[in-house]
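Okay, here's the structure, questions in a sec.
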Amino acid sequence: MKIIGIADTTFARYDMAKSVMDELGKTGTGFRTIRYTVPGIKDLPVACLNLFQKDADIVIALGMPGPKPVDKISSQVASMGLMEVQVKTGKHIIEVFVHEDEASNDRELSWLCDRRAREHALNTYNLIFRHELLMENSGKGLRQGFRDAGDTEGINGESSARRH
Amino acid sequence: MKIIGIADTTFARYDMAKSVMDELGKTGTGFRTIRYTVPGIKDLPVACLNLFQKDADIVIALGMPGPKPVDKISSQVASMGLMEVQVKTGKHIIEVFVHEDEASNDRELSWLCDRRAREHALNTYNLIFRHELLMENSGKGLRQGFRDAGDTEGINGESSARRH
Amino acid sequence: MKIIGIADTTFARYDMAKSVMDELGKTGTGFRTIRYTVPGIKDLPVACLNLFQKDADIVIALGMPGPKPVDKISSQVASMGLMEVQVKTGKHIIEVFVHEDEASNDRELSWLCDRRAREHALNTYNLIFRHELLMENSGKGLRQGFRDAGDTEGINGESSARRH
Amino acid sequence: MKIIGIADTTFARYDMAKSVMDELGKTGTGFRTIRYTVPGIKDLPVACLNLFQKDADIVIALGMPGPKPVDKISSQVASMGLMEVQVKTGKHIIEVFVHEDEASNDRELSWLCDRRAREHALNTYNLIFRHELLMENSGKGLRQGFRDAGDTEGINGESSARRH
Amino acid sequence: MKIIGIADTTFARYDMAKSVMDELGKTGTGFRTIRYTVPGIKDLPVACLNLFQKDADIVIALGMPGPKPVDKISSQVASMGLMEVQVKTGKHIIEVFVHEDEASNDRELSWLCDRRAREHALNTYNLIFRHELLMENSGKGLRQGFRDAGDTEGINGESSARRH
């Protein structure tokens, strides 16, 4: 039984943890999830350390950086913190950040959060249970949220690029 | 009995520690506070280490970065230092920075400092004593200082977004 | 028998690992490769730690940062993570990043990825097996991907600058 | 007997160490100073480590970043290094950087260097011997070099803001 | 017998190691040099760790960052890596970076590389063998490469500022 940690924030404007848990449930079994919610993205690194201490094998860190320059700096500091925790523990933290200004309205923001969270949930599942699938998709231009970029051979779009 | 550390600076133009202590006192019991004041924000990480050595369970770091480009760099370095202390100790530091240029005059600056300090004091209390409340507010678009952003479902503003 | 680790991503739009393995095979013997694929560039540092744990002597980290400002920040965070792993382990990670906006179309992007991957594969081989060759080429203005810059004495271009 | 370390550079254009030692001498007793001079600001972190190894209780790091963009990056790297030494040792390094472009001519630059060095010398003395004084000045808008900003209640200027 | 490590790259367009070794030879005795060449500046931190493992007392790291924005980021990452190695080992790495766009043509670039390398070789020698000389030159506005800035008292230019 593997343990997947989920760290998220009250600052974010969409409950991405719900999407992650739903997608993981649809994808497979053999794991259970544990969750730790913090106020903002700069609190996520300690949340992840805490989840690893509770024996998480991997953690998904969900956050929504704001649109102002000061928010962009916060986002970089949060990412560096998540990186330092990964280098310290040797374990993956799948960072799922949706920048509030990536979407043009609340409806698109909801869609983007849900979709990116689900695709990264799948990545997380694959890293633990189906690592060979990632290798088969190496260099395929896969994206989380918006359309896959596809590889440079012209294989583009959702249907053709990805081997499930 | 939990210990809440408060680290602050003589550079800041508002005594946010006073707001924090007042709000914590109104919110609950079961803790005592210890305080360590330093000249500027780049001195806060050592202040936090010092408070953790005196058995603080969590620290609130209060600072007011100036408006010049060189101040923004100092702010980023200070934040990275606070991050490194968190990764080293595995304990939360709630960073409460009010940038001097977030407010248009001294009166608004006072209001913003007081309010952000109080809302982060509540976050700090919740992280120690009522962690389940943070999880209930996950993805609700809560902000410290200015109005809550609300979630993407259109639940917006102070009264509706937040479950106390 | 030396072990060369190869870490790559599903985000990249070209399979640089294939170019690396082909070039290494053409260059010499005395090694075997191991591979670890992750979703994106910020996942590469843990991939490298994993490969070093499996006794890799050196790792080649292949990635393709996107063209947006947020991608540039991700790239810097990923590079800092690769740097921290190197400082921690004392072993080389040869970072091979091709920024999507370095090329003007998919055809040039393919060409650039293939070529930069091959030239860094050679660097990797030289670091393990022919370190004296690097010293002979010190200060020669060698580049990976586009044309060598040559040294300041006017020795310029592919044929004259490089001693193989 | 406490030990105050002083780290400075040959790159700086004013001998701030002299101002620091003069001010410390005027302020009190119970300490001795040790000094370590390096070429530039990026050499200061090792200078500080060296002074801590010689039992310094606190270090003042004096530097003068140049005006070019490349100098600003150097300054940030130096500050990050000083931060990492502080996180590693748990001891304060009072960073006293005067950016060459903060002053409009050499005369003002001299004045600024002397004054900022003296005010930080006082901060350093207070951190060791009179920590309660810093707490009394918390949130008072104190600045080192140019005029104090004062607090947001309108208490402004040199005479009123500061309790000595 | 002291050991001076020299780390350099094949990316640089001038053989600064030659200038360093020539200058060190002219300056004094009591040391020997060891050298480690890598492809690019981001490979220098591991080169330095390697030289320290071979008992180097100090390392000179020679590099030439390119002129593009992506090169500037690489340069900052490389500098942060050199900083982390210094904080880890407590030993000086004298970073000698000549940015390709500091000079207006190849002839000036050669001159600048040679001269900066020689002046930093002298700094390195002084840090090990004549540390008191650095203290005498503290705050004198010494520069490596272009003209010394001199101190703010108006003592300017090569001849007057520097005490050899």
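So in segment D:139-156, with the set limited to residues that are closer than 17 Å to D:I94 by Cα and at the interface with chain B (Cβ under 8 Å from one of its Cβ atoms), which one is farthest from the chain's Cα centre (by Cα)?
Filtering first and then ranking leaves D:L142.
OK, next. Restricting to segment A:1-31, what's the tally of residues that are assigned to a strand (DSSP E or B), out of contact with any Phe, Trp or Tyr (no Cβ under 6 Å at 6 or more places or on another chain) and either within 11 Å of another protein chain (Cβ to nearest Cβ) or modelled with pLDDT under 95 (or both)?
3
Across segment A:34-62, what is the number of residues that are more than 10 Å from chain B (Cβ to nearest Cβ), closer than 20 Å to A:L122 by Cβ, in contact (Cβ under 8 Å) with a residue 40 or more places away in the chain and among the aliphatic types (A, V, I, L, M)?
6
Go through (1) out of contact with any His (no Cβ under 7 Å at 6 or more places or on another chain); (2) more than 20 Å from B:H120 (Cα to Cα) for A:I73 and report which single condition fails.
Condition not satisfied by A:I73: (2).
For B:R118, state whether it is farther than 21 Å from D:K140 by Cβ and either without any contact (Cβ under 8 Å) to a residue 24 or more places away in the chain or of a type outside the set (F, W, Y) (or both).
no
Kindly indicate whether any position in segment C:115-122 is farther than 22 Å from C:R32 by Cβ and either of a type outside the set (F, W, Y) or within 7 Å of another protein chain (Cβ to nearest Cβ) (or both).
yes
Out of the helices (runs of 4 or more DSSP H) lying entirely within segment C:52-164, which hold 2 or more residues that are closer than 20 Å to E:A78 by Cα?
C:69-89, C:106-129, C:131-136
I'd like to check something: does segment E:63-75 contain any residue that is modelled with pLDDT of 95 or more, buried (at least 19 other Cβ atoms within 10 Å of the Cβ) and at the interface with chain D (Cβ under 10 Å from one of its Cβ atoms)?
yes
Consider only pairs whose beta carbons are under 8 Å apart and that are at least six residues apart or on different chains; among these, list those whose first residue lies in segment A:79-104 and is more than 7 Å from chain C (Cβ to nearest Cβ) and whose second residue is part of a helix (DSSP H, G or I) and aromatic (F, W, Y).
A:V85/A:F52; A:T89/A:F52; A:A103/A:W111
State whether the residues of segment E:37-60 include one that is modelled with pLDDT under 95 and of a type in the set (D, E, K, R).
no
Determine whether B:I155 is at pLDDT 90 or above and surrounded by fewer than 20 Cβ atoms within 10 Å (Cβ to Cβ).
Judged against the criteria, B:I155 is not a match.
To keep it simple, each residue is scored yes or no on (1) surrounded by fewer than 17 Cβ atoms within 10 Å (Cβ to Cβ); (2) farther than 17 Å from B:G150 by Cα.
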residue	(1), (2)
A:V20	no, yes
A:I34	yes, yes
A:L51	no, yes
A:K54	yes, yes
A:M80	no, yes
A:E100	no, no
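The values are calculated or read from the model by the stated rules, or taken from the named source; none is laboratory data. Because the structure is a prediction, the values reported are computed rather than measured. Methodologically, a virtual Cβ is constructed for each residue, glycine included, from the backbone with ideal geometry; neighbour enumeration extends over all protein chains shown.
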